[in-house]
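K.L.:
My structure is below; once you've seen it, I'll send some questions.
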């Protein structure tokens, strides 16, 4: 196995600095972190293998999911017809500004669901998929930190998530089947 460390070295000064630590500490008091986002992020990095994979996806759900995703009559948005997974997928896309990030979440979430619910997997969850879950969770966490520090007067997590959902829906992700395949809407 080869770990290409050079790829990430240029980003280290931004990630491992006193100012990055201060931004993180400041953001933890934001409504964006009122759910156990930090708990599951730490839990994921203290875990290995499938537990790490599951904890990273759980962190993303804690970060961008809402209880109303599962109770359509309580939804405050015009996207009531979208299921919880598509809503999460759209929020990942909206937060990170790329439909491809949502597509990655959708694929990984389907792997997680197959594992959790006992559906047959074509192959075990690969190290590549575990790495992708880690990378995506880190990007979502960083996205929340950035938004929390850029919008310090943010008073309502639900409003933020509704706006993020709107942004993601506008990007056009559309699930085409329950097999985990998807394609962006034209």
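The values are calculated or read from the model by the stated rules, or taken from the named source; none is laboratory data. Predicted, not measured: the structure shown is a model, and the values here were computed from it. Backbone-built Cβ (ideal geometry, glycine too); neighbour counts: all protein chains shown.
K.L.:
Quick check: anything in the range 137-146 in a loop (DSSP other than H, G, I, E, B) and under 24 Å from residue 21 (Cβ atoms)? Outline the logic, then answer.
P.N.:
Initial filter on the range 137-146 (in a loop (DSSP other than H, G, I, E, B)): none.
The answer is no; no qualifying residue exists.
K.L.:
Within the range 118-133, can one find any residue that is within 12 Å of the chain's Cα centre (by Cα), surrounded by 15 or more Cβ atoms within 10 Å (Cβ to Cβ) and at pLDDT 90 or above?
P.N.:
Taking every residue of the range 118-133 in turn, at least one turns out to be within 12 Å of the chain's Cα centre (by Cα), surrounded by 15 or more Cβ atoms within 10 Å (Cβ to Cβ) and at pLDDT 90 or above.
Quick grid of which residues meet (1) under 24 Å from residue 157 (Cβ atoms); (2) touching a strand residue (DSSP E or B) at 6+ places or on another chain (Cβ under 9 Å); (3) touching a residue at least 24 places away in the same chain (Cβ under 8 Å):
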| position | (1), (2), (3) |
| --- | --- |
| 101 | yes, no, yes |
| 108 | yes, no, yes |
| 118 | no, no, no |
| 126 | no, no, no |
| 130 | no, no, yes |
| 133 | yes, no, yes |
| 143 | yes, no, yes |
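For (1) within 15 Å of residue 158 (Cβ to Cβ); (2) surrounded by 13 or more Cβ atoms within 10 Å (Cβ to Cβ); (3) at pLDDT 90 or above, each residue gets a yes or a no:
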{"residue": "55", "(1), (2), (3)": "no, yes, yes"}
{"residue": "77", "(1), (2), (3)": "yes, yes, no"}
{"residue": "88", "(1), (2), (3)": "yes, yes, yes"}
{"residue": "92", "(1), (2), (3)": "no, yes, yes"}
{"residue": "114", "(1), (2), (3)": "no, yes, no"}
